[in-house]
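The block underneath contains the structure these notes are about, expressed in structure tokens.
The values are calculated or read from the model by the stated rules, or taken from the named source; none is laboratory data. These figures come from a predicted structure and were not determined experimentally. Reconstructed Cβ throughout: ideal geometry from the backbone, glycine too, with neighbour counts over all protein chains shown.
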Amino acid sequence: MFTRPEEFIFENFKSMPMWVRVVSYFAILLVVIYGYMAPKYINGMAYIKLEENGLQQYLKSTPYNIMRDGRAIKLTTNEEGLMSIPLSTIFHTKPIKIDVFPNGYAGSSKQVEIPLSNIMSGEFTLTYIEEKDSMYVTSIESIDVKTGGFNFIKSSYAASKPKEVTPKSIRAYVFQSVAEISKIDISEIEKDTLIADLLISRSKTSYLYAQLEDTFKVVVWSEIWNEAITINDLVKILYIATNPNAVNNSALQKINELSKFQLWQKTELPN
């Protein structure tokens with residue numbers, strides 16, 4: 001009497017007809033190869049898209065939940081909108097459902113399905129349109145073969161990009177970008193204007209920060225953006241990010257290291 005399936009196969013394999021052995025061998029070989037090659041994770045890019053002009057930017061540090069074996073796992077997108085979903089099995093027969101919170105609270109939850117085609121390819125794009133209160137999944141639009149990463153879709157906002165990076169040009173660009181995304185007249189925006197008074201959603205704030213990073217070619221952690229209270233704080237963060245020597249501390253060369261010492265808040269901007 002055989003106690004394990006493999007014992008039954010080993011003992012009876014030689015007595016099987018040749019065609020059965022050949023088919024069984026290739027079936028087992030295909031399963032093993034697929035097990036090695038099948039994605040263990042599926043990677044996606046999360047974006048917020050503006051309905052008014054079709055431009056989009058990545059959703060920074062946006063929470064999303066997935067269910068695994070009856071348990072909810074909470075994850076967040078990274079600073080460039082990248083999200084990664086672990087697969088519980090290599091053989092998926094139905095789409096994966098995820099709950100995304102584009103504005104950070106339960107009431108903003110959007111449930112979307114990752115189709116089997118995207119699970120098999122291991123890649124997908126998630127797009128949120130706040131004005132329509134809708135979210136949908138498509139295939140990744142491009143992969144950067146050279147770097148092995150994603151070609152982030154960073155469309156420029158309507159604000160004119162500064163030709164040179166100075167506190168004055170940064171301030172002008174920030175003011176113009178804030179005015180356009182908040183629908184507030186630029187004459188009503190001052191350097192001491194509170195970001196909370198702009199009354200823009202978390203997802204659109206994410207769009208604003210991502211656009212500022214894209215324009216000035218820097219990456220700033222969401223934890224640092226979240227420390228900003230006024231419009232002038234945004235200018236300070238961008239100034240230090242583009243001028244790492246702006247703070248008199250040679251050991252601190254990155255904006256992401258400045259926050260824990262709160263040095264950026266003490267920095268005086270030159271005229």
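Couple of notes before you dig in:
- Helices (runs of 4 or more DSSP H) lying entirely in region 183-245 (those with 3 or more residues that are modelled with pLDDT of 90 or more and within 16 Å of Thr77 (Cβ to Cβ)): 202-216
- Taken over region 99-121, the criterion of being in contact with a Leu (Cβ under 9 Å, 6 or more places away or on another chain), in contact (Cβ under 8 Å) with a residue 40 or more places away in the chain and closer than 28 Å to Thr89 by Cβ is satisfied by Val100, Ile114, Ile119.
- Selection from region 18-44 of residues that are modelled with pLDDT under 80, small (Gly, Ala, Ser) and not in a helix (DSSP H, G or I): Ala38
- Considering Ile28, Ile33, Ile66, the condition of being touching a residue at least 24 places away in the same chain (Cβ under 8 Å) and outside the structural domain of Asn226 (by TED's automatic domain parsing) is satisfied by Ile66 alone.
- Which listed residue is surrounded by fewer than 19 Cβ atoms within 10 Å (Cβ to Cβ), under 16 Å from Ile48 (Cα atoms) and either outside the structural domain of Tyr105 (by TED's automatic domain parsing) or in contact with a helix residue (DSSP H, G or I) (Cβ under 7 Å, 6 or more places away or on another chain) (or both), from Ser201, Ser182, Ser206, Ser187: Ser201
- Restricting attention to region 80-116 and to residues that are among the aliphatic types (A, V, I, L, M) and outside any strand (DSSP E or B), the residue that is nearest to Gly35 (Cα to Cα) turns out to be Ile90.
- Filtering region 57-70 to residues that are more than 23 Å from Leu116 (Cβ to Cβ) and in a strand (DSSP E or B) leaves Gln57, Tyr58, Pro63.
- Selected residue [more than 19 Å from Asn78 (Cβ to Cβ) and modelled with pLDDT of 90 or more] from Ser177, Ser156: Ser177
- Residues satisfying the stated conditions in region 117-131, i.e. of a type in the set (A, V, I, L, M, F, W, C) and either more than 20 Å from Thr205 (Cα to Cα) or assigned to a helix (DSSP H, G or I) (or both): Ile119, Met120, Phe124
- Cross-chain or 6+ apart pairs with Cβ under 8 Å, region 49-60 first and within 11 Å of Lys204 (Cβ to Cβ), then among the β-branched types (Val, Ile, Thr) and part of a loop (DSSP other than H, G, I, E, B): Leu59/Thr77
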